[in-house]
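Let me begin by presenting the structure, written as structure tokens, before commenting on it.
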Amino acid sequence: MTNQGDIDTGSVDPVTIPRPEHIISRASISSSALKVLYRLKEAGFESYLVGGGVRDLLLGREPKDFDVGTNATPDEIRALFRNCRLIGRRFRLAHVRYGREVIEVATFRARHDADSDDNESAQSDEGRLLRDNVYGSLEDDVWRRDFTVNALYYDIRDFSVVDYVGGIDDLETGTLRVIGDPEQRYREDPVRMLRAVRFAAKLGFRNNPDSEAAMYELGHLLEDIPAARLFEEVLKLFLGGCAVTSFELLRHYNLFGYLFPMTEEALGQEEEGFPHTFVLRALENTDKRLAEGKPVTPAFLYAALLWEPVRLRMQELLDEGASPLEAAQLAGNQITAEQVQATSLPKRFSFPMREIWMLQSRFERRRGKAPYRLLEHPRFRAAYDFMLLRSEVGEAPQELAEWWTDFQTLNSSEREKMVEASPAKKKRRRRRKRKPAPAADD
Ligand code: ATP
Ligand code: MG
């Protein structure tokens, strides 16, 4: 058996769409991508704009980034560009950097036999591609791409678009179609299922029925994918502006549970819409912030997605006799440790995530110096936004959220009034004053 399934490569004629018949203009391609394309061409190599760049330009959308395909090998690419780094083991490719922009340059891939296991290619027992570094021609490369709409090539020589797989038709009908046998292609790389969800959400496309049927069944294959790679995909799914749709599609295809197992379990035990509404609100909020050009962070996203598991664990620990502080700390640590088995979360995000959780109980302390101290905490803003979300779904009192909103906006004398001790406390304080005073109560 070969990796190509039943695709008969080599005997398919491409459709070529000449420049006057499509809408891609060089003016909408980044100057860095153009530089890469021309430099390769001038060095005598083939060079094409490929992948999402071509797809998005044909749809009249602004591409997120630009990918280039070439017959130059990674070493040949490196020799041409000073600003170039070779990355990846499973899939070696070159990153050419211009300032903040990175152009991904991939050498054309060719088919290779399933039973080979050498430096260039290897496959696991389940059919997963462990290495995919056998180089070939454009005609070979087409069949290694995931979806037909991602397999269109823009030729820098004559500005035509080359289509071997019916990608142009699928763009027109809004269809995501796996190239080749969907089950086999998903087994080769299960992350393609997450990519199917992401593109469906982002482009508003539908998975074609064959491609979709395999997805319902193969989610478990994600268990073998390194947690760090899944983290990257989670960010693309949830911090790409279409978090709500991505979430709904992931759940629809039974994939969400492989990314966030504890959240999936908590969602199964929901009462009165919680925690489902909370997660949805958080994701809506993320999409809205992105649409307004505001920053978003994986720390906040993970804090929201894991909040219900943390709450449930906290309750268990309290029932076992832990103090509230202990329960909060332990629950945060345990849930984080369990989550990173599925999708990793670098410490620079997990640390602030846990702070957001830990700060939640401090919003309840509204007398004396405590509110001022909380306000000065470097994570106050994120923790406050998080508390607002909780109050929106009724998990924290509305009145608490309003109090903190006021507290931030009022002037200092009005604030003083807000934090004044309650009459009962004042009495206690007066009584204490008569005795030698213990440490001030806040
Ligand atoms: P985005 O808009 O997110 O950049 P993209 O389609 O460009 O979408 P990339 O991850 O940048 O996605 O990959 C570029 C191209 O490489 C894809 O369009 C596809 O042709 C190919 N590709 C990427 N990942 C895979 C994969 N796992 N399996 C097969 N082909 C892939
Ligand atoms: Mg891309």
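The values are calculated or read from the model by the stated rules, or taken from the named source; none is laboratory data. The model shown is predicted, which means the values in this text are computed figures rather than measured ones. Using ideal geometry, Cβ is built from the backbone for each residue, glycine included, and neighbour counts are taken over all protein chains shown. SASA here: full protein model, heavy atoms, side chains in, ligands and nucleic acids out. Shrake-Rupley method; radii C 1.70, N 1.55, O 1.52, S 1.80 Å.
Below, the figures for the structure above:
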read-out: Dmax and Rg, reported as Rg then Dmax, of the chain (C-alpha, Å); value: 27.0, 98
read-out: Choice from Thr409, Thr175, Thr297 showing the highest fluctuation, given a GNM over the chain with Cα pairs closer than 10 Å; value: Thr409
read-out: DSSP-assigned coil residues among GluC sites (Glu not before Pro) in segment 233-332, each with at most 14 further Cβ atoms within 10 Å; value: Glu270, Glu272, Glu292, Glu320
read-out: Relative contact order %, segment 214-368, counting alpha carbon pairs below 8 Å whose residues are six or more apart; value: 29 percent
read-out: Computed [θ] at 222 nm, deg cm²/dmol, the chain (DSSP H ≥ 4; -39,500 (n - 2.57); rounded to nearest 500); value: -15000 deg cm²/dmol
read-out: GNM flexibility winner over the chain from Ala322, Ala214, Ala94 (Cα, springs under 10 Å); value: Ala322
read-out: Chymotrypsin sites (Phe, Trp or Tyr not before Pro) within segment 241-288: DSSP coil, no more than 15 neighbouring Cβ in 10 Å; value: none
read-out: For segment 39-169: accessible area per residue (Å², 1.4 Å); value: 45 Å²
read-out: Amide hydrogen neighbours beyond the local backbone of Leu176, cut-off 5 Å, H modeled; value: Arg206, Asn207, Asn208
read-out: Percent of C-alpha pairs per 5 Å bin, segment 4-188, short to long; value: 1, 8, 16, 21, 20, 17, 11, 5, 1, 0
read-out: Where the Cα pairs of segment 257-421 fall when distances are cut into 10 Å bins, in %; value: 10, 36, 38, 15, 3, 0
read-out: Solvent-accessible area per residue, Å², over segment 257-421 with all protein chains present [probe radius 1.4 Å]; value: 51 Å²
read-out: Choice from Thr70, Thr173, Thr343 with maximal GNM fluctuation in the chain (Cα, 10 Å cutoff); value: Thr173
read-out: Surface share of carbon and sulfur [accessible, 1.4 angstrom probe, percent] for the chain; value: 48 percent
read-out: The chain - percent relative contact order, Cα under 8 Å, separation 6 or more; value: 10 percent
read-out: Under the span-like rule (Cα at least 15 Å along the axis, Kyte-Doolittle mean at least -1.0), DSSP H helices of the chain; value: 31-42, 191-203, 227-238, 276-291, 307-319, 324-342, 347-359, 380-392
read-out: Mean separation of Cα contacts under 8 Å (6+ apart) over length of segment 4-188, as relative contact order %; value: 25 percent
